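Participant: Input: one structure, supplied below.
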Amino acid sequence: RAAIVIRAGEILKKGSNPAEFEQCEVPAGPKARLLLDYTMDYACRYKTPEIDLGTNLHRSMKAIGLNVGGGNSEALERELYNLAASEIVVGGFIDGADRWSASRVSDGMSFWKERDSDERLIWHTMMTMGARFYEMVRGNEHIAPTYAPAQVALQHNARAMDLHKFLVYRLRNGLSKPLLLRAKVLQSVFGQEIAETRIFWPEFKEALHQALSWYPQARVEVLEGPDKGLKLFNSPPLIPRKAQGWCA
């Protein structure tokens, strides 16, 4: 009953003089997912909308095993700007009425530069999380932390990253009875860009196999035939319920 739209925005071109704005793209791919996790986790852990996207971001990326040098660094920076400039719109038929809500990921960013002890020029970046977005992140009592090592290991397959997050979230608080999800439903969530279910289904199963390698205690049954789909059973949570923050 709900849908989401992510829109691209504009951001100040770093170092431009005179100042000029540049059009960003819709944040997408593994790097955007890792950065979104980082920003939400930072807001939760430090209870602030002021997100350090400089030294702390690099330290955090290294801590979870992600190389931040070379091409990876450029890709992270590009998706960082795409993410900061984006707007998220959620709508659906809720409580008997059509409702929608829009929020910007960021209300502002600042860049400055200084030289370190070795006289290297260092850029620093701070992002102010959008007020409504920050309220959603901090006030959400139903979040399931992301298991960061799995997300890094699965970054070659964005669908596997999303499936792992989905399983961690959906199985976190237990199931009173098995949950059946038909292939068409799964395709609407995990494969909208694929026109035919017969093409989507093999790719979905491969991504599921990869996701389950990082959540082996998940009790999942794949159904084939005309009623193909996925059945979820009550399973031990991957991350203890007492865990705090967005990433574990």
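Participant: If you roll a 1.4 angstrom probe over the protein chains with everything in place, what fraction of the accessible area of the chain belongs to carbon and sulfur, to the nearest %?
Facilitator: Here carbon and sulfur together make up 51 percent of the probe-accessible area.
Participant: Still on this structure, please answer the following. Any idea of L163's accessible area? Nearest 10 Å², probe 1.4 Å.
Facilitator: Counting only protein heavy atoms, the figure is 0 Å².
Participant: Right, here's the next one. Between segment 173-245 and segment 1-24, how many Å separate their Cα centres?
Facilitator: Spelled out, the Cα-based centre of one part sits 33 Å from the other.
Participant: Which value, in Å² and to the nearest 10, is the accessible area of V152 when all protein chains are kept and the probe is 1.4 Å?
Facilitator: Ignoring ligands and nucleic acids, V152 comes out at about 20 Å².
Participant: Enumerate by residue number the trypsin sites (Lys or Arg not before Pro) in segment 1-53 meeting two conditions: DSSP loop (anything except H, G, I, E, B), and at most 11 other Cβ atoms within 10 Å of the site's Cβ.
Facilitator: R1, K47
Participant: Normalising by the residue count of the chain, find the relative contact order in percent from Cα pairs under 8 Å and 6+ residues apart.
Facilitator: The value is 20 percent.
Participant: So what's the net charge close to F93: Lys and Arg +1, Asp and Glu -1, counting the other residues with Cβ under 12 Å from its Cβ?
Facilitator: Overall, the nearby charge balance is 0.
Participant: Put H58, H164 in order of accessible area, largest first, 1.4 Å probe: what do you get?
Facilitator: H58, H164
Participant: Summing Lys, Arg as +1 and Asp, Glu as -1, what charge do residues with Cβ under 13 Å from the Cβ of M161 carry, M161 excluded?
Facilitator: Working: positive: K31, R33, R159, K165; negative: D37, D162.
Residues near M161 contribute +2 overall.
Participant: Between I11 and residues 5 or more places away or on another chain, which pairs have amide H atoms under 5 Å apart, with H built 1.01 Å from N, and which residues are they?
Facilitator: So I11 has HN proximity to E22, C24.
Participant: Could you work out the local net charge near Q210, counting Lys and Arg as +1, Asp and Glu as -1, over the other residues with Cβ closer than 12 Å to its Cβ?
Facilitator: -1
Participant: Are there GluC sites (Glu not before Pro) in segment 1-41 that DSSP marks as loop and that have at most 11 other Cβ atoms within 10 Å, and which are they?
Facilitator: In loop regions of segment 1-41 (DSSP not H, G, I, E or B), the sparsely surrounded GluC sites (Glu not before Pro) are E20.
Participant: Per residue, what accessible area does the chain have, given a 1.4 Å probe and all protein chains present, in Å²?
Facilitator: 57
Participant: Here is a further query. Which percentage, to the nearest 5, of the DSSP beta bridges contained in the chain is antiparallel? Don't skip to the end; give the middle numbers.
Facilitator: Details: 37 of 38 bridges.
Roughly 95 percent of the beta bridges in the chain run antiparallel, per DSSP.
Participant: Separate question: Please list the non-local residues whose amide H lies under 5 Å from the amide H of L223, H modeled 1.01 Å from N, same-chain partners needing a gap of 5 or more.
Facilitator: The list, which skips near neighbours in sequence, is G229, L230, K231.
Participant: Taking amide H positions as placed 1.01 Å from N in the peptide plane, with prolines and chain starts having none, which residues 5 or more places from N234, or on another chain, fall under 5 Å of its amide H?
Facilitator: For N234, whose amide H was placed from the backbone, the distant partners under 5 Å are L175.
The values are calculated or read from the model by the stated rules, or taken from the named source; none is laboratory data. Owing to the predicted nature of the structure, the values given are computational and were not obtained by experimental measurement. Here the Cβ is made from the backbone with ideal geometry for all residues, glycine too, and neighbour counts use every protein chain on show. Ligands, DNA and RNA are excluded from the accessible area calculation, which covers all protein heavy atoms including side chains. Shrake-Rupley method; radii C 1.70, N 1.55, O 1.52, S 1.80 Å.
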